[in-house]
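Below is one structure; the comments refer to it alone.
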């Protein structure tokens, strides 16, 4: 391995990350995340699966048109229609990539594809050639490579490179691999495939056994030079390798790994919070790099050591990933310029003055309730404001709750339903339960509540509560989000946001049947 080579960071938050149940994102939300990834200097942004739906196509197209400094990628099965749709969506990209794939494991070829190995190779070659005629940058993936036979992998990888693929992805699709085993697979492929020097070998690891990051780094040691990952480790089932952990492991142990990335690590925290706010998936406090406790020290021995010399218990600085960097506290006396400037520093831009005015008005409302407004509040405020862009079939007019020791809690809501004001009252096991029942008495949505999650955005009893509500109906899943200093109000906002998303059909199943 030559000294200090670059590892390409391929982010698939907008594609594989979106396959987490309830993590579907709107076009505008994908654009916000894509711009944050571009600021982070991520090399490749997989924006979606263009043929999956008209919405996915529009999202890929919007990201391709807006992003200039990163390569924008669309996934495509090894089918002509998929590849043509991907190329169409990427037409406006400054740098585009078609990422095509087919399954290569015996179990997938026999039971899913119902194809013989020769047929799989033939289809892979045809797909790569088709993609190469439409786009200069083509990536080919062997789905379920972790359970594929090495001789067959060598054969299909050699053929794909000959057909024009310049990136070869060897995914551990089902999270089955163990680090030394996975590293040996990568090492053997690079050694045994005659034309391996003409392609970059990539890895895409799932976290079913909690080994996605370990497997990815083991593969890098073995010669892989692209890692596919997601912000906060978001992804199908147990998720993908976490971008923040991959990047900081490489940065912190560059002495051992002899590789580097181009990622601006100071953008990690703000991007993590943005993704968490948009998807409604909170980051656990003990999550590496971006968790609230990642740089907290409770033990007196640890505290004493850090105060005397940081490196006694910290292997990286909090500032290196964006903690406490340029932190500005805003309040009710802060003006529009300070507000706009801080949002720009956080990577939040507005297409129009109208959008800025809407968020600024909500900022002033919050400032009247909360003395100090932190970066976390601003991220939540923006997400909550953009939630209002969903057509409001159901709108909260007023809420009154009663909760007293020894009595059954009750709630009365007044909703505006398609322009008509309706009042509803119900009892429940608590004020939130009563409020939800009062809303359901009106909506009669037929949905099942799959998740109710509350996250305090900042410290203190005046903190905003950020609530996520996940609803399911007929295999369609939506996440609703709401934020307020009153938890019950935030909860009702989140529930109504989910109902509105379900009503307008914004809910969707996984954007693809197959995946890597």
Give the residue that is surrounded by the fewest Cβ atoms within 10 Å (Cβ to Cβ), with candidates limited to residues of region 418-437 that are modelled with pLDDT of 95 or more and under 33 Å from the mean Cα position of the chain (by Cα).
430
Do we have any residue at all in region 386-402 that's over 12 Å from residue 492 (Cβ atoms), within 34 Å of the chain's Cα centre (by Cα) and either free of Cβ contacts under 8 Å to residues at least 24 places away in the same chain or assigned to a helix (DSSP H, G or I) (or both)?
yes
I'd like to check something: does region 364-374 contain any residue that is at pLDDT 95 or above, more than 26 Å from residue 22 (Cα to Cα) and surrounded by 13 or more Cβ atoms within 10 Å (Cβ to Cβ)?
no
For residues that are assigned to a helix (DSSP H, G or I) and surrounded by 12 or more Cβ atoms within 10 Å (Cβ to Cβ), scanning just region 347-356, find the one that is modelled with the highest pLDDT.
356
With the structure loaded, tell me whether residue 223 is touching a strand residue (DSSP E or B) at 6+ places or on another chain (Cβ under 7 Å) and either closer than 13 Å to residue 179 by Cα or surrounded by fewer than 23 Cβ atoms within 10 Å (Cβ to Cβ) (or both) or whether it fails that test.
yes
Exactly one of these conditions fails for residue 136: (1) farther than 21 Å from residue 215 by Cα; (2) part of a helix (DSSP H, G or I). Give me its number.
(2)
Condition broken by residue 275, with the remaining ones in (1) touching a residue at least 40 places away in the same chain (Cβ under 8 Å); (2) farther than 24 Å from residue 27 by Cβ; (3) not in a loop (DSSP other than H, G, I, E, B) satisfied:
(2)
Residue 421 fails exactly one of the following numbered conditions: (1) in contact (Cβ under 8 Å) with a residue 60 or more places away in the chain; (2) assigned to a strand (DSSP E or B). What is the number of that condition?
(1)
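Residue-wise test of (1) touching a helix residue (DSSP H, G or I) at 6+ places or on another chain (Cβ under 6 Å); (2) surrounded by 17 or more Cβ atoms within 10 Å (Cβ to Cβ); (3) in a strand (DSSP E or B); (4) in the same structural domain as residue 20 (by TED's automatic domain parsing).
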position: 161; (1), (2), (3), (4): yes, yes, no, yes
position: 170; (1), (2), (3), (4): yes, yes, yes, yes
position: 181; (1), (2), (3), (4): no, no, no, yes
position: 185; (1), (2), (3), (4): no, yes, no, yes
position: 202; (1), (2), (3), (4): no, yes, yes, yes
position: 205; (1), (2), (3), (4): yes, yes, yes, yes
Considering only region 215-240, how many residues are farther than 16 Å from residue 146 by Cβ, more than 19 Å from the chain's Cα centre (by Cα) and part of a loop (DSSP other than H, G, I, E, B)?
2
Note on region 325-335: residues within 23 Å of residue 485 (Cα to Cα) and either within 24 Å of the chain's Cα centre (by Cα) or at pLDDT below 80 (or both) are 327, 328, 329, 330, 331, 332, 333, 334
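The values are calculated or read from the model by the stated rules, or taken from the named source; none is laboratory data. Computed from a predicted model, the values in this text were never measured in an experiment. With ideal geometry, Cβ positions are generated from the backbone for all residues, glycine too; neighbour counts draw on all protein chains shown.
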